[in-house]
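Asker: Sharing a structure below in structure tokens format, with a few things to ask.
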Amino acid sequence: MLLASIISLFVLGVETRPTTVLHVSQSPKTQRHPVQGSPSVRTFFGFDEKRCLGIADLSSPEKPVFTAYETGEWQCTYVIDYAETGHKPSLFLQIRGVEPGVWNNFRIKLNFGSVLSRQVLAARAANIVYSLLGTNMPLKDLETVLASGLDMEIAFGEATLKYRQERGDPNRYNLFGIRTTPQPQPDKAEQ
């Protein structure tokens, strides 16, 4: 029976990966949730003015703004306001780089309104993250985690994501993405 199950996994092409741990906290408790993925995920850091402009939401009149500085540093900023009665939901995006064509960090500020806007903004933010990091990341359902409002921190490959509620406001959250510099591995000949 076990042999048949193992063979069926290979026939179906199921890929097994090591389990990593995602730390999600709901103050003051910290919860541990297993997620599937490989800690050595290769991330995609290429970014330029065309990619910045490509982030635009077709339903929004606002467009992203790409600013390059003489030092080689640059940033891409974008604000999307969603019309809704009462609390006005919005998404603010800021992507920065210290050298042309490569992002170093980003911030997505989510200002939630109704439950529906929470789902829409979380989906939009998750799509932006996937466009920056790729979809082969340990956390497969980022949209649900963002909409849930639980604080989160996850490190994988050459990136770290942190999601935190702003102090004193249950409707405002910040998602930070940071590119980590890989540490040089010692040469095996030197060991």
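Asker: With θ set to phi - 60° and the Karplus curve 6.51 cos²θ - 1.76 cosθ + 1.60, what are the ³J(HN,Hα) couplings of the range 129-146 in order, to the nearest whole Hz, using x for Gly and Pro?
Answerer: So the Karplus estimates, Gly and Pro as x, are 4, 4, 5, 8, 9, x, 8, 8, 10, x, 8, 7, 10, 4, 4, 5, 4, 5 Hz.
Asker: Given an 8 Å cut-off on Cα distances and at least 6 residues of separation, report the relative contact order of the range 85-134 as a percent.
Answerer: Contact order relative to length: 34 percent.
Asker: Listing 169, 48 from the residue with the fewest other Cβ atoms within 10 Å to the one with the most, what is the order?
Answerer: 169, 48
Asker: Around residue 60, which amide H atoms from residues at least 5 apart in sequence, or from another chain, sit under 5 Å from its own amide H, with H modelled in the peptide plane?
Answerer: Correct list: empty.
Asker: Related question: Would you please name the chymotrypsin sites (Phe, Trp or Tyr not before Pro) within the range 69-140 that are DSSP coil residues with at most 13 other C-beta atoms within 10 Å of their C-beta?
Answerer: Of the chymotrypsin sites (Phe, Trp or Tyr not before Pro), the ones in loops of the range 69-140 whose Cβ has at most 13 other Cβ atoms within 10 Å are 69.
Asker: Something else now. Each residue of the range 56-72 in turn: what ³J(HN,Hα) in whole Hz from Karplus with 6.51, -1.76, 1.60 and θ = phi - 60°, glycine and Pro shown as x?
Answerer: Whole-Hz 3J(HN,Hα) from phi for the range 56-72: 3, 8, 5, 7, 10, x, 6, 10, x, 10, 9, 10, 10, 10, 4, 6, x.
Asker: What's the exposure ranking of 179, 107, going from fewest to most Cβ atoms within 10 Å?
Answerer: So the ranking, lowest neighbour count to highest, is 107, 179.
Asker: A further question follows. Restricting attention to the range 114-172, which GluC sites (Glu not before Pro) occupy a DSSP loop and are surrounded by at most 15 other Cβ atoms within 10 Å?
Answerer: Of the GluC sites (Glu not before Pro), the ones in loops of the range 114-172 whose Cβ has at most 15 other Cβ atoms within 10 Å are 166.
Each value in this text was obtained by applying a stated rule to the coordinates, not by laboratory testing. This structure is a prediction, so every number in the text was calculated from the model and none was measured. Cβ coordinates were reconstructed from backbone atoms using ideal geometry, including for glycine residues, and neighbour counts include every protein chain displayed.
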